[in-house]
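Structure first, then comments.
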Amino acid sequence: TFTWMAMHAGARATAGAAYMRTRSVRLPIPTPQMLDKARRTGNTFEKQRIQDMFRIPFVFPAGQESAVDEASGRREPISDRRMPKWYDDEVEELRKGDGGPAPSPTSVPEHFELYRGLQQEWWCYDVYSRIGILVWFSYWLTSASLWSMCHIFTELRVLWPAWTVTACFVTAHWGILRLDITSKPREGSFMCLPIEKMVPFMPVLAVFGMSIDYSVLDPTPFLQGLIYTVSWICYAIQFAWAIRLYDLAAPQFRDKESPEHAGDAWSPMEWPVPPAFSQAVYLVSAPKYLEPGQTCLTQEMKAAKGQKGQNIPQRKANECSHSMLPWKLFRGAIITSISMWVLIMFGRGFEQINGERFLLKQEGRVERWPSHMQPWMAPWTRKGTRQENCHAGGCDRRLSAGQNQVASLAQRLMAALVPLVDVLDAPSKKSIAPQFAEMQKVGVQWPSDFRPAFLTSHDGMLAAFEREGGRGALVQSVSAKDFTAFKLEGIDGQILATTWDKFGLLVVTSAAGLAECAGAPGADGKWACRQLALEALPSGSKAVAVARQSSNLLRVAIAFKGEDTVLLMDATEDGTWLPTGEVHVPVADGVRFELSWANAAQDLIISAADGSIIKRTISASGALKVVSVDHGINMAFHGACGMAGDRVAHLASESGAAPLLFVTSA
């Protein structure tokens with residue numbers, strides 16, 4: 001629309017200039033009558049006075065240049081120049097004639113009036129096209145800064161570039177508003193607050209709020225309230241800016257002419273140009289009077305025509321009404337902008353009171369406070385893994401990986417798929433009938449405050465662990481009645497799984513971390529542990545088991561809530577977890593169970609709360625079910641672990657008592 005206004009104004013100005021060149025402006029070519037008067041003949045000397053004819057040069061100088069005084073009617077000197085009498089006669093004939101008007105400083109040239117009349121048809125289009133372009137750039141710079149910070153925070157996942165890019169847009173926005181809004185708004189303004197000095201800095205508040213929103217800070221109520229407060233301040237500034245634009249661009253009639261200054265824009269008082277933009281739209285109209293010392297050639301030529309020149313009427317500007325259609329269009333755009341901000345603030349307030357996006361069906365996307373749904377959010381880590389460039393969008397660029405990385409990934413994938421192919425190619429077998437084995441009770445007596453939940457064994461020894469606090473007990477053999485108490489050092493959170501082998505103890509904690517405790521408990525009853533530099537395990541699990549296939553190759557089994565399968569994952573050389581397959585869990589729905597590994601992560605032991613123990617060999621898909629024969633109906637079963645000789649140790653308790661230790665017979 002604003003471009004169309006500028007094109008219309010330019011086309012109309014071009015047509016007006018052509019009209020002036022072809023109808024009003026003429027070259028000063030003298031007429032034959034003027035040439036006859038300027039021609040000299042042989043009898044020209046007869047027009048001279050007697051005193052001029054017999055005057056001796058340099059002895060008797062000529063008289064001073066003079067003119068007839070209209071008040072006294074006598075001829076008075078007007079300059080120091082010496083002129084003959086015939087010069088005065090010629091001036092009276094050419095300049096005064098028989099009543100032809102001579103040009104004066106107060107007379108207005110005709111082409112000034114004609115051009116001003118033409119400008120009335122396009123000046124409004126020209127003014128509001130320039131104001132509209134300013135408004136467009138103002139909104140564009142604001143939206144560009146907001147879009148840039150959204151792209152930088154949500155996709156590039158970096159902080160400081162968002163501030164630097166915002167600073168560039170803010171500086172440009174402040175500059176164009178400072179250049180174009182040069183004067184005070186119209187008189188009687190209802191919006192006196194100078195929002196044009198505040199609106200360029202609105203993106204600074206936005207980038208401040210997004211820096212907190214996407215930071216690693218905990219989403220406390222104070223920070224959430226701070227972000228919402230900043231967002232409402234930004235809404236208020238934009239809404240006030242829309243109202244301020246209406247006030248700045250409104251036309252205003254004047255009761256007196258503005259003074260003219262060389263090089264500045266000027267328009268007559270009949271044109272209601274917005275005062276705030278009067279010096280920035282560069283609108284220059286023809287003046288209503290001549291400057292001192294200026295003359296009009298056309299008027300002088302008319303004055304020289306004598307009585308004929310006096311009878312020629314002077315042309316004036318065309319009388320036409322001002323076309324205020326551009327202002328009406330611009331006013332509609334501003335009112336639409338104001339209405340849009342009202343709707344946005346109403347929707348923001350409704351969502352904040354009613355709940356984020358609660359009017360639409362949810363599709364299970366992850367919600368990040370309070371930046372709403374982020375389905376495009378890529379995993380982010382800077383721990384030196386293959387996804388170390390995710391903060392810059394690198395983890396989504398699959399084709400950017402080097403050839404050696406692709407080959408290494410293919411080798412790991414083939415090694416993981418080989419066991420699955422063997423299982424799928426093996427002939428189908430009938431389900432194995434449950435095998436019943438007798439459970440022997442171990443005579444060890446735990447302290448009254450010790451509640452073990454996990455078991456692990458190594459070289460005939462058994463270690464039991466509590467879920468909280470890292471306390472444990474070591475039993476040297478199944479025939480022993482005594483135990484050695486110890487405590488794990490360097491463990492945070494609840495214990496989820498344990499495995500003991502010749503390299504040490506592996507512990508999985510609720511913080512999704514994996515720790516290693518070397519050797520065996522010390523003489524002081526402490527077992528020192530350290531965190532392993534591995535990628536965090538997936539969250540949302542209900543049972544976990546970890547084991548070591550070799551000295552540097554780990555395998556985990558994870559059962560997720562609501563699923564009847566166990567996910568198997570192997571640790572890679574760069575510390576990430578690579579899925580290797582799934583194992584079905586033949587446990588009834590709703591029955592709690594625990595997981596543990598045996599035989600160097602080749603046998604997965606599933607101990608259910610109903611007393612059943614299922615051992616599944618990964619390569620052969622075999623299963624062994626063991627049911628205790630001497631447990632009561634109120635017996636609750638806990639963790640289990642594999643032992644040498646294909647035996648299984650099991651924890652069980654009844655009626656809130658301390659758990660007892662059972663072992664299957666050989």
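Brief remarks follow.
- Pairs beyond 23 Å (Cα-Cα), from Lys487/Lys615; Lys441/Lys526; Lys481/Lys526; Lys487/Lys542; Lys197/Lys328: Lys487/Lys615; Lys441/Lys526; Lys487/Lys542; Lys197/Lys328
- FRET E, pair Ser539, Cys168, Förster distance 51 Å, beta-carbon r, rounded to 0.05: 0.80
- Distance from the alpha carbon centroid of region 149-175 to that of region 228-253 works out to 23 angstrom.
- Under-5 Å amide H pairs with Gln440, H placed in peptide plane, nonlocal only: Val663, Thr664, Ser665
- Close amide H partners of Ile606, meaning residues 5 or more places away or on another chain with modelled amide H under 5 Å apart, are Ile614, Lys615, Arg616.
- Mean Cβ neighbour count within 10 Å, used as a protection proxy, ranking 477-489, 343-355, 592-604, 493-505 highest first: 592-604, 493-505, 477-489, 343-355
- Area of Val91 that stays accessible when all protein chains are in place (1.4 Å probe, Å², to 10): 60 Å²
- Whole-Hz couplings from phi, Karplus 6.51/-1.76/1.60, listed for region 158-171; x for Gly and Pro: 10, 9, 5, x, 5, 6, 5, 5, 4, 4, 5, 5, 5, 5
- Amide hydrogen proximity for Ala286: with H placed 1.01 Å from N in the peptide plane, the residues at 5 or more positions away or on another chain lying under 5 Å are Arg116.
- By a 1.4 Å probe calculation restricted to protein chains, Met340 has an accessible surface near 90 Å², given to the nearest 10.
- For region 243-252, Karplus couplings with θ = phi - 60° (6.51, -1.76, 1.60), whole Hz, Gly/Pro x: 5, 5, 4, 4, 6, 5, 8, 5, x, 8
- Rounded to whole numbers, the Karplus 3J(HN,Hα) couplings from phi for region 578-593 are 10, x, 10, x, 9, 10, 6, 10, x, 10, 4, 4, x, 8, 6, 8 Hz, using 6.51 cos²θ - 1.76 cosθ + 1.60 with θ = phi - 60°, and x at Gly and Pro.
The values are calculated or read from the model by the stated rules, or taken from the named source; none is laboratory data. For clarity, every value in this text was computed on a predicted model and none was experimentally measured. Methodologically, a virtual Cβ is constructed for each residue, glycine included, from the backbone with ideal geometry; neighbour enumeration extends over all protein chains shown. Accessible surface is based on the protein model in full, side chains and every heavy atom, while ligands, DNA and RNA are left aside. Shrake-Rupley method; radii C 1.70, N 1.55, O 1.52, S 1.80 Å.
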